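Have a look at the structure below, then the notes.
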Amino acid sequence: MEDIFSKVFDPVDFQRKGHALIDLLSEHITSVVNGKVKAIPWESPEKQLEFWKRDLNERQVTDPTCLFKNVMDRSVKLHSPKYFGHQTSVPAFDAVLAGLVSELLNNGMGVYEMGMAGNAIEKVVIDLVAHKMGFSNQAAGFITSGGSLGNLTALLAARAASSKVWTNGSRPEQDLAIMVSEQAHYSVYRAAKIIGLGEQGIIKVPVDDNHKIRCDLLEQIYSKQADAGVKVFCMIACAASTAIGAYDDIETIAKFCDRHDIWLHTDGAHGAAVVFSQKYKELVKGIEQSDSVLLDFHKMMMTPSLSTSLIFRSKESAMHTFSQQAHYLWNDQQADEWYNSGKRTFECTKAMSSLKIYTLLKMHGLELFSSYVEKTYALAREFAIFLNFENDFEIAHTPESNVLCFRYKKGNDLNQINNYIRQALLEDGEFYIVQTTLNENVYLRISLMNPLTEMSHLRGLVQKIRELANLR
């Protein structure tokens, strides 16, 4: 009987299957880009679950090609020019290949001896991003698995800089709190609760008509908290907000934080990529005054999920957030060893995701990212202007980024009709968009993540919406 492991680890068989998979992926992408398949093959959760249960119970296969094709056919097509859905990157093919290499090598990066190439590559990438953000050579950081984990790490670093909770436990000298935009991403609120702040420790700052933090209220809100014995240790700015892609006034917020010795964290998961664009980098003016900045490579930098950079203005903040002993990994926790990433992150056996962004930099240079930002941001503005001349549509805001909220405005109950349109679009599948609620009004929401999307596709979306509305 043939040894099962000789089959599982047969390099010749791997080569054959790999070639077949690349051929299948190429055919899939060609069909998707040419519009021969729908952006989303909608199916109810129950039917999807039933299919995969039945599939697993069927006979085993010796070739995974059919399995992979089923997965592709039943998944959202991000490479479709008609995908305007969530803020998830349309991954560049070279980054996908880099992901295959990193997954095959499977080198964890907690300690240098396990992730030699990975730790060095990560430092090169982080230093480059920090430089583009305007930080000095005293900045440091790392790549982690997603914005939620990055925001949590930033809050822990901010708390460590202002209290001794990390060493003394949850008995701070006084009540701690953070100030955040009411438009902040839900991961920020979740992170605040994870570190024990609770609802009372999350001070929401109202936004103006452009959905930006009202900087004129910061002093008043801070004073009220201080009078109540609450220590605000962190302020979070959005660059850009998830709902509509608005950029807070980072420069003004930074001055407020400096006056009161408050840690400033800029959540730039989506929008901090504008630092690569001469045209749009003014949107994050003052970002270099942040104590920490988050940037998702898997949003606006065309890498597969998950890959998030967290940059600290100070190396000490990056190194000492998770100060503890682990003698089986390293001899001195306090030593400034950039090559042992486990000292700085939750993760020890983390993936070598830095290779994906490094590959794009090595092959295409910084121009790739500036071109991507500028094309998608400009397209959102062009579409907003187009909608302004359509009598049956209205926009919720003038877009600052590649996110735009708008709604169909014919009918008596606009919330009901726009809810219907979104669901009808989902079930139709040709286009994929999402929705959001602003001031109790339902809006259709698009994120222009695909650089292959053109105005012709967006005009097609408008026509499809009209057709579906007329069928109601």
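The values are calculated or read from the model by the stated rules, or taken from the named source; none is laboratory data. Keep in mind the model is a prediction, meaning the values are calculated, not measured. Cβ atoms come from the backbone with ideal geometry, glycine included; neighbour counts cover every protein chain shown.
Could you check His28 against (1) of a type outside the set (A, V, I, L, M, F, W, C); (2) at pLDDT 95 or above; (3) surrounded by fewer than 14 Cβ atoms within 10 Å (Cβ to Cβ) and say which number it fails?
It is condition (3) that His28 fails.
Within the range 357-375, does at least one residue satisfy the condition of being in contact with a helix residue (DSSP H, G or I) (Cβ under 8 Å, 6 or more places away or on another chain), of a type in the set (A, V, I, L, M, F, W, C), closer than 30 Å to Arg74 by Cβ and touching a residue at least 12 places away in the same chain (Cβ under 8 Å)?
yes
Here are Ile417, Ile357, Ile421, Ile433: which of them is within 30 Å of Glu113 (Cα to Cα), surrounded by 14 or more Cβ atoms within 10 Å (Cβ to Cβ) and at pLDDT 95 or above?
Ile357 is the lone residue from the list that is within 30 Å of Glu113 (Cα to Cα), surrounded by 14 or more Cβ atoms within 10 Å (Cβ to Cβ) and at pLDDT 95 or above.
Considering each residue of the range 145-175, count those that are touching a helix residue (DSSP H, G or I) at 6+ places or on another chain (Cβ under 9 Å), farther than 26 Å from Glu337 by Cβ and either in a loop (DSSP other than H, G, I, E, B) or modelled with pLDDT of 90 or more (or both), and give that number.
Total satisfying the criteria: 2.
Which of the numbered conditions does Asp13 fail, given that it passes all the others? Conditions: (1) in a helix (DSSP H, G or I); (2) surrounded by fewer than 10 Cβ atoms within 10 Å (Cβ to Cβ); (3) more than 32 Å from the chain's Cα centre (by Cα).
(2)
Go over the candidates Pro64, Pro81, Pro91 one by one and state the one that is out of contact with any His (no Cβ under 7 Å at 6 or more places or on another chain) and closer than 30 Å to Lys464 by Cα.
When all the criteria are applied, what remains is Pro91.
When you scan the range 120-142, do you find a residue that is in contact with a strand residue (DSSP E or B) (Cβ under 9 Å, 6 or more places away or on another chain), without any contact (Cβ under 8 Å) to a residue 24 or more places away in the chain and farther than 29 Å from Leu425 by Cα, even just one?
Yes, the range 120-142 contains at least one residue that is in contact with a strand residue (DSSP E or B) (Cβ under 9 Å, 6 or more places away or on another chain), without any contact (Cβ under 8 Å) to a residue 24 or more places away in the chain and farther than 29 Å from Leu425 by Cα.
Go through Phe68, Phe84, Phe93, Phe51 for me and flag whichever is among the aromatic types (Phe, Trp, Tyr), surrounded by fewer than 18 Cβ atoms within 10 Å (Cβ to Cβ) and touching a Lys or Arg at 6+ places or on another chain (Cβ under 9 Å).
Step by step, each of Phe68, Phe84, Phe93, Phe51 is checked, and only Phe51 is among the aromatic types (Phe, Trp, Tyr), surrounded by fewer than 18 Cβ atoms within 10 Å (Cβ to Cβ) and touching a Lys or Arg at 6+ places or on another chain (Cβ under 9 Å).
Do the conditions hold for Ser314, that is, is it in contact with a helix residue (DSSP H, G or I) (Cβ under 6 Å, 6 or more places away or on another chain) and modelled with pLDDT under 95?
When the stated conditions are applied, Ser314 does not pass them.
Report, by residue number, each residue of the range 277-297 that is within 18 Å of Phe312 (Cα to Cα), surrounded by fewer than 24 Cβ atoms within 10 Å (Cβ to Cβ) and not basic (Lys, Arg).
Hits for the range 277-297 are Gly286, Glu288, Gln289, Asp291.
Can you work out which of the residues in the range 222-252 that are closer than 25 Å to Leu448 by Cα and among the acidic types (Asp, Glu) is nearest to the chain's Cα centre (by Cα)?
Asp248
Filter the range 186-219 for residues that are in contact with a helix residue (DSSP H, G or I) (Cβ under 7 Å, 6 or more places away or on another chain) and assigned to a loop (DSSP other than H, G, I, E, B); which is surrounded by the fewest Cβ atoms within 10 Å (Cβ to Cβ)?
Pro206
Among the candidates Val293, Val188, Val275, single out the residue that is out of contact with any His (no Cβ under 7 Å at 6 or more places or on another chain) and within 25 Å of Tyr443 (Cβ to Cβ).
Selected residue: Val188, the only one of Val293, Val188, Val275 that is out of contact with any His (no Cβ under 7 Å at 6 or more places or on another chain) and within 25 Å of Tyr443 (Cβ to Cβ).
Can you pull out every residue in the range 201-219 that is on the phi < 0 side of the Ramachandran plot and under 23 Å from the mean Cα position of the chain (by Cα)?
Hits for the range 201-219 are Ile202, Lys204, Val205, Val207, Asn210, Lys212, Ile213.
Quick check, is Lys7 over 26 Å from the mean Cα position of the chain (by Cα), exposed (fewer than 14 other Cβ atoms within 10 Å of the Cβ), of a type outside the set (Ser, Thr, Tyr) and assigned to a loop (DSSP other than H, G, I, E, B)?
Answer is no for this residue.
Pick from Leu387, Leu438, Leu426, Leu452: which is surrounded by fewer than 22 Cβ atoms within 10 Å (Cβ to Cβ) and more than 25 Å from the chain's Cα centre (by Cα)?
Leu387
Cβ-Cβ below 9 Å, separation at least six or inter-chain, first residue in the range 86-103 and free of Cβ contacts under 8 Å to residues at least 24 places away in the same chain, second of a type outside the set (A, V, I, L, M, F, W, C) and assigned to a helix (DSSP H, G or I): which pairs?
Leu100/Gly18
Across the range 444-471, what is the total count of residues that are in a loop (DSSP other than H, G, I, E, B) and in contact with a Phe, Trp or Tyr (Cβ under 8 Å, 6 or more places away or on another chain)?
The total comes to 5.
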